[in-house]
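A short worksheet on the structure shown next.
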2 protein chains.
Amino acid sequence: MTSAERVAVVGTGLIGTSIAMAAVRAGEAVRGFDIDPAVLAEAAERSGLTPAATLGECVGGATLVFACTPIPELPGLVAEILRRSPEAVVSDVGSVKSHVMAEVSAAADAADLPRYVGGHPMGGSERSGPSHASASVLDGVVWVLTPGPGVPQASVDRLSTWIEKVGARPVPMEAERHDRLVAMVSHLPQVASTSLMGLAAAEEAGEPEILLLAAGGFRDLTRLAASSPHLWSDILLANGDAIVRAIDLYVERLNGLRSLIGARDAAEVERAFGEAKEARLSLAAKPQVKAGVAVLQVPVPDRPGVLAEVTAAMSEAGVNIEDLQIVHSPEGGRGTVHLTVAADAATDAEKALRDRWFEPLRLA
Amino acid sequence: MTSAERVAVVGTGLIGTSIAMAAVRAGEAVRGFDIDPAVLAEAAERSGLTPAATLGECVGGATLVFACTPIPELPGLVAEILRRSPEAVVSDVGSVKSHVMAEVSAAADAADLPRYVGGHPMGGSERSGPSHASASVLDGVVWVLTPGPGVPQASVDRLSTWIEKVGARPVPMEAERHDRLVAMVSHLPQVASTSLMGLAAAEEAGEPEILLLAAGGFRDLTRLAASSPHLWSDILLANGDAIVRAIDLYVERLNGLRSLIGARDAAEVERAFGEAKEARLSLAAKPQVKAGVAVLQVPVPDRPGVLAEVTAAMSEAGVNIEDLQIVHSPEGGRGTVHLTVAADAATDAEKALRDRWFEPLRLA
């Protein structure tokens, strides 16, 4: 059943098109616009959204509009959408909120602001463009909503209802708090990874053999460093204050360990490592951000063919494997495979594994 | 054919037993000793080494001895082995070299020192104990040798010949250089990971929802934080000076990015990220430390059953999968699976994949 909302998406890249796909899957109709006609055509073909020839045609008469462009374009665009669709609640999907909201406040007519609700669906991807869009990008993900002062609760509720309908999980939160938390667990890891890779590359100039000695841990820590410089420059500058604070806290902690190592204080070094280990092991037992998936921990013997058995069991049960990791327990024991599957397929997956004498443990 | 060497291994944990297994596989006989009789018995059963009742019985008459205990026990043990086996070249497997060599110099008779050659086989594991030992731990890995002054080249050559015979790759290097390089690409990543996890755990105390917002990048960066605190305390303290330098350089680089972000200098932030991205992508195209393995990059469509096809192809070809990663290219494209297999099985693996219409690309 189509809801009472008339929904428009402006900017049909990865997130915009994924929103359209999730909406169409839920039986909702969506109108879309992009300044690049080729991108819009691909998005329309992929998602089934109705392409509009102009921004005005896209948002005129809409009751819910999502602005899905890069951060620098969001404020002006949101202000314009608010003017052109006087009945609509307008949201955006920028991964930084305080900055975008302040700029929207400056750019928009004050009378329009109670119709604007900041948002951040946390199911992005390091990929971009409509060709990589998928309804599953939003499946069960946390979709933070950051209404400013003066926004009626009814508007937030309407937005939340629609978000739940398309499969995500609305989480209202103050914008400043959102920015502070993502600075720590999303933006700081990116800075830490890029800094480590940059440092090793600088050392390599004088020591070409250094990467001969770089093992798996180094690769884990530097994987994020391959992300888009342009995208990250936008994010880091827009969330600059929170990131500067996060870097300062991180440097403080690194210098704390440095002092303990410099003083050869074995007991305190071991204590600091023990605390971090405990926190990491408890994190491993927690659900992923994607609440729509389940992680099955499967102990396996180390012999040829065992992964083929695990994956064949999933294939026969019709279960799609979202992710698979081969994990060696730091405490020893046999090898362990972490299988990530859709939450509603987890019971089937567990049964198929038990039928083949595996002993899966559901983590989340 | 058995070589002219009479080889002894003291300390039969993961590395000591793995050395014995690689030696036995190459047709060499090995004598072993461990202060824990149960550990020694398990190592003997697993590897085929000949257990000795005492240290003296183990190393008496040996011509090559490997000391394979934790770092704090190495110097005294090496000094004693040098005294008890006057014909032998003695090496150790500690992951830090300058510190161990200085302590050996202090503990041993000066006349014995030219028979001591520091070493570090870089194929360890986060696991421990003889039950996790395997000859493959040493297959094709870089085995750094750090002879001190006064060690005859002939002794280094004998050691190198034997190391090659059991399947690893001897790389002579100055001890200080080894320590400086591993501080950067092995020890610093550990410190960076532990610090990030410790910081997030501290924040979580006041913000229980913070980990709800933590996605895959955070998990990648903090995986190492689950390593053994005791082991790492030993390593970090033994390589303290090099690690303090590495942390200082890392903090300097973090603060550099912090300044650029604080000044909202988009062009310079983007340039720093671009350099790191380029370095990371070039690293991804380089061989892993384990020269004995090959990595196949396999583009795959995103549909149920595709991993089952890949793994079944390996199983039917009799190829053991050493590691498997599902990777999303930051540049877009379809999903990609990275398959790690033994180097001598790579051609079979490629053929089996092509027979099923996959298009594997061999990275290393």
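The values are calculated or read from the model by the stated rules, or taken from the named source; none is laboratory data. Nothing here was measured: the structure is a model prediction, and the numbers come from that model. Note that each Cβ is placed from the backbone with ideal geometry, even for glycine, and that neighbours are counted across all protein chains shown.
Values computed for the structure shown
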quantity: Within the stretch A:25-40, considering residues that are without any contact (Cβ under 8 Å) to a residue 60 or more places away in the chain and in a helix (DSSP H, G or I), the one nearest to the chain's Cα centre (by Cα); calculated: A:Leu40
quantity: Odd one out for A:Pro170, checked against (1) more than 7 Å from every other protein chain (Cβ to nearest Cβ); (2) part of a helix (DSSP H, G or I); (3) under 30 Å from A:Ala20 (Cβ atoms); calculated: (2)
quantity: Odd one out for A:Leu188, checked against (1) touching a strand residue (DSSP E or B) at 6+ places or on another chain (Cβ under 9 Å); (2) surrounded by 23 or more Cβ atoms within 10 Å (Cβ to Cβ); calculated: (1)
quantity: Flag if A:Ser91 is touching a strand residue (DSSP E or B) at 6+ places or on another chain (Cβ under 8 Å) and polar (S, T, N, Q); calculated: yes
quantity: Residues of the stretch B:195-220 classified as at pLDDT 90 or above and either within 23 Å of the chain's Cα centre (by Cα) or hydroxyl-bearing (Ser, Thr, Tyr) (or both), total; calculated: 3
quantity: Neighbours by Cβ (under 6 Å, 6+ apart or cross-chain): first from the stretch A:310-324, over 12 Å from A:Pro360 (Cβ atoms) and within 7 Å of another protein chain (Cβ to nearest Cβ); second part of a loop (DSSP other than H, G, I, E, B) and modelled with pLDDT under 90; calculated: A:Ser315/B:Gly305; A:Asn320/B:Pro304
quantity: Filter result for B:Thr17 (among the β-branched types (Val, Ile, Thr) and assigned to a loop (DSSP other than H, G, I, E, B)); calculated: no
quantity: Check on B:Val182, touching a residue at least 24 places away in the same chain (Cβ under 8 Å) and either polar (S, T, N, Q) or within 30 Å of A:Met197 (Cα to Cα) (or both); calculated: yes
quantity: The stretch A:199-227: number of residues that are more than 7 Å from every other protein chain (Cβ to nearest Cβ) and either under 18 Å from B:Gly217 (Cβ atoms) or touching a residue at least 60 places away in the same chain (Cβ under 8 Å) (or both); calculated: 2
quantity: Tally of residues being assigned to a loop (DSSP other than H, G, I, E, B) and either farther than 17 Å from A:Thr69 by Cα or away from chain B (no Cβ under 11 Å) (or both) across the stretch A:90-100; calculated: 4
quantity: Cβ-Cβ under 9 Å pairs, at least 6 apart or on other chains, the stretch A:148-167 side within 13 Å of A:Ala23 (Cβ to Cβ), far side basic (Lys, Arg) and surrounded by fewer than 18 Cβ atoms within 10 Å (Cβ to Cβ); calculated: A:Val166/A:Arg25; A:Gly167/A:Arg25
quantity: Subset of the stretch B:114-153 (residues that are in a helix (DSSP H, G or I), at pLDDT 95 or above and surrounded by fewer than 19 Cβ atoms within 10 Å (Cβ to Cβ)); calculated: B:Pro114, B:Gln153
quantity: Every residue from the stretch A:221-256 that is within 17 Å of the chain's Cα centre (by Cα) and among the β-branched types (Val, Ile, Thr); calculated: A:Ile235
quantity: Set A:Glu80, A:Glu103, A:Glu87, A:Glu45: member being exposed (fewer than 15 other Cβ atoms within 10 Å of the Cβ), among the charged types (D, E, K, R) and assigned to a helix (DSSP H, G or I); calculated: A:Glu45
quantity: Residue pairs meeting the criteria (Cβ under 8 Å; at least 6 apart or on separate chains; first not assigned by TED's automatic domain parsing to the domain that holds A:Arg219, in the stretch A:185-197; second in a helix (DSSP H, G or I) and of a type in the set (Gly, Ala, Ser)); calculated: none
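Conditions (1) more than 8 Å from chain A (Cβ to nearest Cβ); (2) closer than 28 Å to A:Ala276 by Cα; (3) among the charged types (D, E, K, R), marked per residue:
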| residue | (1), (2), (3) |
| --- | --- |
| B:Arg258 | no, yes, yes |
| B:Ala263 | yes, no, no |
| B:Val269 | no, no, no |
| B:Ala272 | no, no, no |
| B:Glu275 | no, no, yes |
| B:Ala279 | no, no, no |
| B:Ser282 | yes, no, no |
